[in-house]
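Here the structure comes first, spelled out in structure tokens, and everything after it is commentary.
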Amino acid sequence: MLKFKITAKDEGKRLDIVIAEHLKTSRSYVKFLIDNDYVKINSLKGKPSYKVIVGDQIVATIPIKQETLESDINVPIIYKNKDFAIYNKPWGMSVHPNESRKPRSEVMLTDIINRDFPKIKDRVERMGIVHRLDKNTSGLIIVSLNNKFSLFIKDQFKLHEIKKTYKALVLGKIKPEKGIIDAPIVRSGSLEGRMTISSENEGRIAKTNYKVDKYLSDRKNKYSLLSVYPKTGRTHQIRVHLSSIGHPIVGDKLYGYDKNNAKRQLLHAEGVEFTNLES
């Protein structure tokens with residue numbers, strides 16, 4: 001994404017010329033960006049011929065090009081057969097686009113799946129993505145490669161037969177060393193994209209088991225390294241539950257603790273256990 005304000009040296013120039021100079025690209029490509037709503041000027045759609053003035057805010061979202069996907073972007077596949085593949089998703093990568101029609105400039109897991117398994121291209125989001133991980137959570141994610149397995153594995157998720165294990169580093173020394181967090185979760189009425197514990201038991205049932213692997217500390221804080229076993233699969237469940245008992249995940253900017261400048265959210269999907277279609 002390119003974001004800048006117009007200064008005196010560019011005042012009076014055409015919008016397409018200014019952006020072309022900043023991107024070091026052709027005006028024809030900039031026209032494509034503007035015509036397809038990849039460029040906003042002061043949060044509004046611009047025109048190539050618009051003469052910019054000092055203070056104009058320019059935002060240009062650069063769409064993904066195919067050559068980007070064919071580069072050295074690598075998401076490891078740790079296992080695959082004819083029915084499914086298991087990817088080890090890195091933190092910072094979204095699984096799929098959100099419902100917004102806004103142009104995007106980042107590679108998502110669905111792009112990688114389309115590249116790696118072209119036979120299911122255009123069906124990935126409907127068939128292949130059978131569960132999700134938050135953008136800033138790393139770890140294992142199952143991808144279905146055919147409709148039969150997709151229906152089969154979705155039934156296991158509905159019946160809570162999938163066993164998932166996460167590792168989490170949280171703030172503070174959790175006591176007891178083993179526990180169950182049983183608290184319904186609802187969407188927050190005040191903050192978009194945020195979940196919260198329902199105080200009136202109106203949310204969806206959510207249960208999370210945890211076990212302390214190790215206690216750690218630095219000069220400022222104490223921490224607990226946990227194995228976490230969600231028994232249900234609610235949005236942001238582990239993050240909400242651990243934050244609700246006063247032990248937010250380190251690096252979680254939405255639910256708790258980011259004061260130690262962690263480079264990432266320290267939550268990793270370490271294991272997933274399910275029944276194979278051929279079993």
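Structure values in brief
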quantity: Conditions (1) in contact (Cβ under 8 Å) with a residue 40 or more places away in the chain; (2) buried (at least 16 other Cβ atoms within 10 Å of the Cβ); number of the one not met by Thr208; calculated: (1)
quantity: Selection from the range 150-175 of residues that are of a type in the set (Val, Ile, Thr) and touching a helix residue (DSSP H, G or I) at 6+ places or on another chain (Cβ under 9 Å); calculated: Ile162, Val170, Ile174
quantity: Of all residues making up the range 100-158, the number that are under 30 Å from Ile34 (Cα atoms), of a type in the set (D, E, K, R) and modelled with pLDDT of 80 or more; calculated: 3
quantity: Count of the range 195-204 residues which are under 22 Å from Lys164 (Cβ atoms) and either loosely packed, with under 13 Cβ neighbours inside 10 Å or modelled with pLDDT under 90 (or both); calculated: 2
quantity: Residue satisfying all of: in the range 225-275; farther than 18 Å from Thr165 by Cβ and either part of a strand (DSSP E or B) or assigned by TED's automatic domain parsing to the domain that holds Phe152 (or both); modelled with the lowest pLDDT among these; calculated: Tyr257
quantity: Strands (runs of 3 or more DSSP E) wholly inside the range 105-192 that include at least 3 residues being out of contact with any Phe, Trp or Tyr (no Cβ under 9 Å at 6 or more places or on another chain) and over 30 Å from Ala60 (Cβ atoms); calculated: 185-187
quantity: Candidates Leu151, Leu169, Leu216, filtered to the one that is assigned by TED's automatic domain parsing to the domain that holds Asp252, over 21 Å from the mean Cα position of the chain (by Cα) and not hydroxyl-bearing (Ser, Thr, Tyr); calculated: Leu216
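The values are calculated or read from the model by the stated rules, or taken from the named source; none is laboratory data. No experiment lies behind these values; they were computed from the predicted model shown. Ideal geometry is used to build each Cβ from the backbone, glycine not excepted, and the neighbour counts take in all protein chains shown.
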